[in-house]
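Single-structure report; data block below.
The values are calculated or read from the model by the stated rules, or taken from the named source; none is laboratory data. Computed from a predicted structure; not experimentally measured. Every residue, glycine among them, receives a Cβ derived from its backbone with ideal geometry; neighbour counts consider all protein chains shown.
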Amino acid sequence: MAKKKDIDFEPSNTKIKIGASDYIVRGFGYVLITLFSLACVFPFLIILGTSFTDETYIRTHGVQLIPVEFSTKGYDMVIGSGNIWKSYGLTIAMTLIGTTLGLLIIAMTGYALQRKDFPLRNVISFYIYFTSLFSAGLAPYYLLMAKTYKLLDNYLAVLLPLMMSPWLIILMKNFIKQIPHEITESGKIDGAGDMTVFIHLILPMIKPALATIGLFLALGYWNEWYQSSLFLTTKVAVKPLQYTLYEVVNKLDALRNSVAGQFVTLTDIPEQSVKMANAVLATGPIVLLYPFVQKYFIGGITVGAVKG
């Protein structure tokens with residue numbers, strides 16, 4: 001019987017040739033992506049330039065990409081209007097606390113709902129999904145928070161409602177579902193409890209999901225103003241950043257339309273530059289957060305969004 005000849009597999013040194021059409025397609029793609037990126041950045045640059053432009057020049061020539069007549073009146077009015085730095089500190093604290101606790105609760109909920117040995121997983125999943133479709137309305141919600149829970153003029157009225165959402169729980173559940181169940185079983189065989197399995201085995205494997213959902217939670221807390229308008233009255237000295245900036249614009253409009261405002265020239269009220277300064281102060285810090293989670297964001301939302 002003939003002896004089989006050993007076959008050596010050697011890596012091929014053949015280079016893939018790229019034709020002229022490939023270079024054209026790639027070049028067109030790069031140009032298209034560059035133009036799209038500039039189109040996304042351009043409005044923010046206009047807002048930044050207009051915020052440092054004198055109000056008289058804005059009224060005469062419109063918004064500016066590069067400030068011709070440099071002025072910081074908009075920022076001076078926003079910063080000098082109240083407790084802007086205390087509002088910054090409050091919003092940062094609420095964002096950190098709410099995002100951390102929300103991530104922990106959502107991750108634990110998603111992990112429990114995908115466990116096959118949890119008998120009530122389908123009932124609870126349906127309840128969570130049902131609440132995403134129907135709500136009682138604003139009046140019952142206000143009475144629940146203000147009268148039943150006694151959270152009027154309490155920061156918990158802003159912190160708690162944003163901590164969880166049905167969509168984020170479903171996203172986390174679908175992401176954890178991609179992890180093989182054998183990993184959990186192997187931890188149980190080694191004598192680990194549920195919390196040990198969750199902390200040491202599951203959490204390290206769901207970093208993309210944690211980054212994605214953490215970004216959603218952080219954006220929700222940072223941009224929050226509606227809950228503050230409902231439950232934080234004038235008795236509260238320091239309010240979240242977005243609502244503070246919202247009050248600045250309202251006071252500016254009231255001054256402009258009041259009888260007293262008739263004795264003040266329009267150039268003394270930097271209306272447009274204040275609005276642009278508000279946008280810069282509100283979006284600047286949170287924009288800096290995105291590059292740190294970008295590498296996890298796309299993978300997390302793609303994998304977690306797959307229905308299983």
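I'd like to know if segment 110-125 contains one or more residues that are free of Cβ contacts under 8 Å to residues at least 24 places away in the same chain and in contact with a Leu (Cβ under 7 Å, 6 or more places away or on another chain).
Yes, because at least one residue in segment 110-125 is free of Cβ contacts under 8 Å to residues at least 24 places away in the same chain and in contact with a Leu (Cβ under 7 Å, 6 or more places away or on another chain).
Take E185 and decide whether it is at pLDDT below 85, in the same structural domain as Y142 (by TED's automatic domain parsing) and either polar (S, T, N, Q) or farther than 30 Å from D117 by Cβ (or both).
Taking the combined requirement at face value, the residue does not satisfy it.
Has segment 173-187 got at least one residue that is among the hydroxyl-bearing types (S, T, Y), in a helix (DSSP H, G or I) and loosely packed, with under 14 Cβ neighbours inside 10 Å?
So far as segment 173-187 goes, yes, one or more of its residues are among the hydroxyl-bearing types (S, T, Y), in a helix (DSSP H, G or I) and loosely packed, with under 14 Cβ neighbours inside 10 Å.
Can you list residue pairs whose Cβ atoms sit under 6 Å apart, with the first residue in segment 242-257 being surrounded by fewer than 18 Cβ atoms within 10 Å (Cβ to Cβ) and in a helix (DSSP H, G or I) and the second being modelled with pLDDT under 85 and not β-branched (V, I, T)? Count only pairs 6 or more apart in sequence or on different chains.
These pairs meet every condition: L255/G261.
I'm trying to understand the selection: among the residues of segment 173-227, which are among the small types (G, A, S) and under 18 Å from L96 (Cα atoms)?
A209, A211, G214, A218, G220
Conditions: (1) crowded, with 19+ Cβ neighbours inside 10 Å; (2) over 24 Å from the mean Cα position of the chain (by Cα). D190 meets all but one. Number of the miss?
(1)
Mind telling me which of the residues L217, L152, L138, L143 ends up being aliphatic (A, V, I, L, M) and under 18 Å from I106 (Cα atoms)?
L217
In this structure, is F297 modelled with pLDDT under 65 and under 17 Å from A218 (Cβ atoms)?
yes
Name every residue in segment 139-172 that is over 20 Å from the mean Cα position of the chain (by Cα) and crowded, with 17+ Cβ neighbours inside 10 Å, in order of residue number.
M145, L151
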